[in-house]
Each structure stands twice: as structure tokens, then as C-alpha cells.
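Presented below is the structure to which this report refers.
The values are calculated or read from the model by the stated rules, or taken from the named source; none is laboratory data. Since the structure is predicted, the reported quantities are computational estimates derived from the model, not experimental observations. Quick reminder, even Gly has a Cβ in these numbers, built from the backbone with ideal geometry, and neighbours come from all protein chains shown.
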């Protein structure tokens with residue numbers, strides 16, 4: 001090869017560098033130039049190698065120093081930052097120091113010398129390892145054949161070796177212990193017999209006795225029961241519930257094959273307690289006193305359907321009385337009320353009027369006096385307008401005193417009469433001289449509707465002649481449905497009307513007595 005200048009040499013790519021390629025070098029020890037192969041250069045470097053390239057390593061192909069083979073190091077290896085090992089790390093030393101930068105914080109992991117290989121596997125969780133002497137809480141750990149030297153604690157309970165020895169020497173099975181502890185095993189259906197044994201604490205010592213012995217003791221002892229629920233308890237015939245002194249309070253008598261019984265139902269706030277019967281569909285409740293005793297409610301004798309009893313201050317609403325006997329009087333339940341006597345079917349047959357019941361269009365004259373029999377109700381009426389005033393059937397027997405001094409053509413309508421109302425009657429009396437133009441018409445109930453009711457009138461005129469001294473107007477259905485009291489009707493004039501036929505063809509018999517005027521019957 002001819003000698004050339006370095007500046008004339010061509011560049012060699014990194015991928016083309018071979019181990020036998022030659023570098024020119026000056027051997028300072030021999031003061032002469034020599035050649036050096038790449039192999040000999042990296043086979044032994046007599047100086048420290050400092051690399052200024054700060055490229056970090058993230059794999060085998062990155063970083064400022066890369067090698068395709070392994071690295072052998074005779075001295076210590078110091079890495080100033082994190083170190084990543086892809087494969088297994090093997091150390092011939094038995095210890096590893098953690099945190100060695102400061103001696104006071106160094107933690108050393110040491111493996112004991114062993115003749116065979118050992119493997120320590122860390123769990124796949126983030127946790128803290130426990131030591132033999134530290135106090136730690138173990139969760140979800142299974143201890144296989146642990147050896148506990150003296151005692152151990154479960155919660156606040158300390159269990160000692162002596163206590164465990166008691167269980168170790170026990171003859172009871174697990175099921176027997178569970179049954180004695182809390183009955184956690186399946187409860188059987190074995191019948192209890194008199195000879196069966198029971199375990200009882202006898203003065204601090206557990207001892208056995210029989211069911212028969214316990215039954216004898218309980219039968220002979222009196223014990224109060226508190227907070228006990230008795231479901232269908234049986235009480236012997238003539239048995240009783242006693243009071244606090246042991247005396248009979250409620251006695252139970254037995255009926256063979258009974259199906260009906262007493263039922264007591266309590267009540268919430270404001271309600272009353274119910275004492276009733278149950279069993280069949282219809283069951284009576286029999287309250288029977290002993291001997292001549294009587295049944296009382298709140299201290300007052302209960303009224304019976306039969307038997308002689310005296311009722312005091314009782315209100316009878318719609319009573320049905322069969323041949324009752326009244327020793328002194330019958331009195332209305334309230335002031336101002338009438339006493340009404342009805343037939344069985346509800347139709348009124350008589351009334352004792354109080355005189356205080358107001359009637360529309362009329363004025364009461366006998367307030368708080370009333371009438372019955374020879375004392376008839378008396379009411380007043382005065383001409384006031386041209387509208388009608390209707391008499392109610394309940395005022396049958398009334399005397400109506402008429403004041404006709406006001407100049408009106410006024411009307412009074414009689415009530416509707418059914419077949420049961422026949423016999424109703426009224427008396428009209430003129431108490432004040434009629435105005436010279438005033439008239440009053442007494443109408444049947446259907447007069448305004450041109451019905452088939454009417455009057456038969458016998459009119460008497462004390463000052464009349466042979467032709468008008470007495471005039472009879474015969475009944476004509478619908479044609480004689482009103483009677484007129486004419487203008488200037490004098491004081492003392494009377495008109496009596498009584499219903500003799502009821503229904504659609506109601507007939508009233510009317511009799512008038514007056515002087516100087518003519519009272520006539522006509523068609524409305």
C-alpha cells in the first residue's frame with residue numbers, strides 16, 4: 001500500500017468496521033509508530049472511559065454505550081439513575097442493601113445459606129410484608145397447623161392454653177356443642193319423653209335431671225308469666241282466672257261440641273271496646289244474672305223485652321206500644337214539640353199540638369198552650385197580598401182567625417187529602433170586619449190546576465129572606481172548588497170545612513154562618 005495523507009483517506013461507515021481493521025498509533029514507550037487493530041484496542045483499555053453522550057437508555061439498542069454481547073465487570077457497578085433489567089438478575093452474594101446512601105436508613109435483604117435452591121414469591125398486590133416480631137393485622141389468611149405458645153386473642157377475649165385443654169378433653173361432639181351453645185344445628189322432631197335427660201346448672205355444677213322431674217317441679221310451683229303469648233290455651237270446665245288474691249274473677253263453663261263463643265275486640269284512641277259473639281251466622285249474646293239479680297249497664301238496669309220494669313227519663317223514637325199503661329202523663333221530648341199518635345202503618349190519627357210550631361202566613365195565638373180534643377189549635381191570618389197561604393194537614397182541627405181589614409183579594413189553600421186523611425177539618429172565623437173591597441177565597445188543593453176536587457156548601461145568612469136564608473150548593477167535581485168570603489164580611493162569620501172523600505176527587509163539606517152578606521161556592 002502506498003503512503004497517503006490522512007486528509008486523502010475515504011470515510012469508513014460504522015457498519016463496515018471489522019475487528020481486524022488497523023488504526024495508526026504512536027507507542028510512547030518505544031518512541032515509534034505502530035499499527036493497532038480494533039480487536040486489540042477494545043480487548044484492553046488501560047484508562048477510564050468517559051462518554052459525554054447523555055443519551056438515556058430505554059432498551060438494548062439505545063443509550064450512549066451499546067454492545068451486542070455481555071458485559072463483564074471486575075469491580076463495582078454504579079448506576080446514578082434507574083436501572084431496567086429485562087431478564088432475571090442473579091447475585092452470588094446472599095445480601096442486598098436498600099437505601100445504602102445513608103447508613104442509618106439502610107435496609108438489608110439477606111437470604112440464609114442453603115444447600116438447595118429456594119424461591120421467594122411476592123404476592124400480586126400492593127402491600128406491606130410482616131415480620132416475626134412486628135404487630136400486624138392479617139386479613140383473609142389461612143394458618144395451617146399454627147403453634148401458639150401461650151395464648152391468643154379474639155376481639156377482646158383472651159383464650160389461654162388451659163381453656164383450650166378443657167375443649168381438648170371434652171367428650172361432646174360438634175353437633176352437641178352447637179346445640180348446647182345456640183341451637184344452630186337442625187332441630188329434630190324427636191318427641192320428649194318423661195325419662196329424657198336435661199342438663200341443668202346445679203349450684204354451679206352442670207348436672208342431669210329428667211323431664212319428669214322438671215315437670216313435677218313446674219306443676220307444683222306458682223310462677224308469674226311476663227310477656228308470654230298464649231295461643232289457644234285450654235281451661236278446664238269450671239276453671240277460672242283468679243285475681244291478685246287468688247279469688248275467682250272469671251269462671252269458664254264448658255259446652256260439649258261448642259261452635260259459638262264470646263269475642264272481645266279492643267279499640268284505638270277514641271273508639272269503644274266491642275264485646276260480641278262469633279261462630280255461626282246468627283249468634284245471640286246472652287247476659288244472665290244470678291237469682292233475682294238484674295243486668296245493668298254502667299250501674300243502670302238494662303231494659304228487657306219482657307217483664308215489668310219502670311223506665312225513667314227515656315226517649316222513645318218511633319216506638320210500637322201494645323196496650324201500654326200510662327199512670328200519669330205523656331210528655332213531649334222537647335219544648336215546642338207536638339205529640340203525634342200514629343197508626344201501625346205510620347198514618348197520623350191524632351196530635352197534641354204545642355202551639356209553638358210556626359205556620360207560614362199565619363200568626364200563633366196560643367203559644368205554649370196547644371190543644372187536643374176540646375182545645376183546638378188557634379192561628380191567625382190576615383189579608384196581605386194576592387198569593388195563597390197553604391194550610392198543612394198537620395194543622396187539622398185548627399181555628400183560623402181572619403183579619404180582612406187590608407184591601408186585598410187574598411187566597412187560602414186547603415191541603416191535599418189522601419184516603420187516610422179523610423176527617424181533616426178546619427174552622428175559619430172572621431175576627432176583623434172585611435175591607436169594603438177585600439175578598440178571601442178558600443181553595444181546594446187542585447183548584448188552580450182545574451182539578452176534580454170541590455165543596456158542598458150549606459150557607460146560612462141570619463138576615464136573609466126565604467130565598468137566601470139558607471142556600472145549598474151541591475158538590476160538583478172541579479166546578480165547586482172554592483168558597484168566597486165577600487167584601488164587608490162581618491165579624492163572627494164562620495166557615496167550617498171537613499174532608500169526607502180523599503184522593504183525586506176530594507170532597508169537602510162546608511157550612512157557613514154569617515149575616516148581611518152572601519158566601520158562595522164557585523169554579524176557579
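Descriptive notes on the structure:
- A single member of 475, 455 is over 60 Å from the mean Cα position of the chain (by Cα) and either surrounded by fewer than 17 Cβ atoms within 10 Å (Cβ to Cβ) or outside any strand (DSSP E or B) (or both), and it is 475.
- Residue 31 surrounded by 10 or more Cβ atoms within 10 Å (Cβ to Cβ), more than 60 Å from the chain's Cα centre (by Cα) and without any contact (Cβ under 8 Å) to a residue 60 or more places away in the chain: no
- Scoring residue 372 on the criteria (1) closer than 16 Å to residue 493 by Cα; (2) modelled with pLDDT under 90 leaves a single failure, condition (1).
- Qualifying residue in the range 499-508 (condition: buried (at least 17 other Cβ atoms within 10 Å of the Cβ), under 22 Å from residue 398 (Cα atoms) and within 60 Å of the chain's Cα centre (by Cα)): yes
- Within the range 58-71, one or more residues are out of contact with any strand residue (DSSP E or B) (no Cβ under 9 Å at 6 or more places or on another chain), surrounded by 10 or more Cβ atoms within 10 Å (Cβ to Cβ) and touching a residue at least 24 places away in the same chain (Cβ under 8 Å).
- Applying the criterion of being farther than 18 Å from residue 310 by Cα and out of contact with any strand residue (DSSP E or B) (no Cβ under 9 Å at 6 or more places or on another chain) to the residues of the range 287-297, the residue that is surrounded by the most Cβ atoms within 10 Å (Cβ to Cβ) is 287.
Condition check ((1) modelled with pLDDT under 95; (2) in the same structural domain as residue 515 (by TED's automatic domain parsing); (3) in contact with a helix residue (DSSP H, G or I) (Cβ under 8 Å, 6 or more places away or on another chain); (4) not in a strand (DSSP E or B)) across all residues:
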position: 428; (1), (2), (3), (4): no, yes, no, no
position: 431; (1), (2), (3), (4): no, yes, no, no
position: 435; (1), (2), (3), (4): no, yes, no, yes
position: 442; (1), (2), (3), (4): no, yes, no, no
position: 466; (1), (2), (3), (4): yes, yes, no, yes
position: 480; (1), (2), (3), (4): yes, yes, no, yes
position: 487; (1), (2), (3), (4): no, yes, no, yes
position: 492; (1), (2), (3), (4): no, yes, no, yes
position: 496; (1), (2), (3), (4): no, yes, no, no
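- When 126, 108, 121, 135 are checked against the criterion of being under 30 Å from residue 70 (Cβ atoms) and at pLDDT 80 or above, a single residue qualifies: 121.
- Scanning the range 301-315 for residues that are surrounded by 10 or more Cβ atoms within 10 Å (Cβ to Cβ) and within 41 Å of the chain's Cα centre (by Cα) yields 301, 302, 303, 304.
- Positions within the range 509-524 being without any contact (Cβ under 8 Å) to a residue 60 or more places away in the chain and either assigned to a loop (DSSP other than H, G, I, E, B) or surrounded by fewer than 18 Cβ atoms within 10 Å (Cβ to Cβ) (or both), in sequence order: 509, 511, 513, 515, 516, 517, 518, 522, 523
- Residue list for the range 339-351, restricted to those being in contact with a strand residue (DSSP E or B) (Cβ under 7 Å, 6 or more places away or on another chain) and farther than 15 Å from residue 378 by Cβ: 339, 340, 341, 342, 343, 348, 349, 350
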